[in-house]
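Student: Pasting a structure here, questions to come.
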Amino acid sequence: MQPIQYKYNKFWSIFYTVLLSFLAVMPVSEMIEFKEFDTFALGFTFILELILLPPLIYVVIKGLIPALMGEIALEINSTGIVSRMKNTVIEWDNIEYIDVTGTNAMSLLIKFKWETGKRKSIRIPLQLVKGNAYDIYAEASYWLKNRNP
């Protein structure tokens, strides 16, 4: 069987980056426009920026840059499942079962046969992966059932 590779989804990477950028810039621009530089406005804006900047940086580094470079986000091959977003390789021998979870922000739930590094399962988010979550799940399930032991 040929390895299956799924690229990053450019649309959602750009959408999340623009949305978080807008939310981060909006309070600062409002303060400048209305000349509201009192203690409450500055404090609120500072706290809001502390909350919004880490996810913005994460989305740019883990989603936008790889998407614009055309990189592979998820690969299903004879060894197992390779998630470049999570920097993990999950071997078929370690997988008990695979499922898809979530409604809007879908993810691939992989339950291990035994505890691996203090965890019994891992979730691989699929919202930044180009492809249908159910198709990815079906492909991974097929590989799990038909792998060569």
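Student: Of the conditions (1) over 17 Å from R147 (Cα atoms); (2) in contact with a Lys or Arg (Cβ under 8 Å, 6 or more places away or on another chain); (3) surrounded by 14 or more Cβ atoms within 10 Å (Cβ to Cβ); (4) in contact (Cβ under 8 Å) with a residue 24 or more places away in the chain, L68 clears all except one; give me its number.
Tutor: The number of the failed condition is (3).
Student: Then there is this: When you look at W114, is it more than 13 Å from Y6 (Cα to Cα) and without any contact (Cβ under 8 Å) to a residue 60 or more places away in the chain, yes or no?
Tutor: Considered against the rule, which asks whether it is more than 13 Å from Y6 (Cα to Cα) and without any contact (Cβ under 8 Å) to a residue 60 or more places away in the chain, W114 comes out as yes.
Student: On the given criteria, is F44 free of Cβ contacts under 8 Å to residues at least 12 places away in the same chain and over 15 Å from the mean Cα position of the chain (by Cα)?
Tutor: no
Student: Which of the residues spanning the range 100-110 are modelled with pLDDT of 90 or more and surrounded by fewer than 14 Cβ atoms within 10 Å (Cβ to Cβ)?
Tutor: Across the range 100-110, the qualifying residue is only T101.
Student: Next question. Only one residue in I95, I110, I76 is touching a Pro at 6+ places or on another chain (Cβ under 8 Å) and over 22 Å from I14 (Cβ atoms), so which one is that?
Tutor: Result: I76 is the single residue among I95, I110, I76 that is touching a Pro at 6+ places or on another chain (Cβ under 8 Å) and over 22 Å from I14 (Cβ atoms).
Student: Follow-up question, since we're still on this one. What are the residues in the range 1-34 that are touching a residue at least 24 places away in the same chain (Cβ under 8 Å) and closer than 18 Å to A105 by Cα, if any?
Tutor: Those that are touching a residue at least 24 places away in the same chain (Cβ under 8 Å) and closer than 18 Å to A105 by Cα: Y6, K7, Y8, N9, K10, W12, S13, I14, Y16, T17, L20.
Student: When you look at M85, is it in a loop (DSSP other than H, G, I, E, B), in contact (Cβ under 8 Å) with a residue 12 or more places away in the chain, surrounded by 15 or more Cβ atoms within 10 Å (Cβ to Cβ) and hydrophobic (A, V, I, L, M, F, W, C), yes or no?
Tutor: Yes: the conditions hold for M85.
Student: Only one of E91, E49 is of a type in the set (D, E) and surrounded by fewer than 14 Cβ atoms within 10 Å (Cβ to Cβ); which?
Tutor: None of the others qualify; the one that does is E91.
The values are calculated or read from the model by the stated rules, or taken from the named source; none is laboratory data. None of the values given here were measured: they were computed from a predicted structure. As a convention, Cβ positions derive from the backbone with ideal geometry for all residues, glycine included, and neighbour counts pool all protein chains shown.
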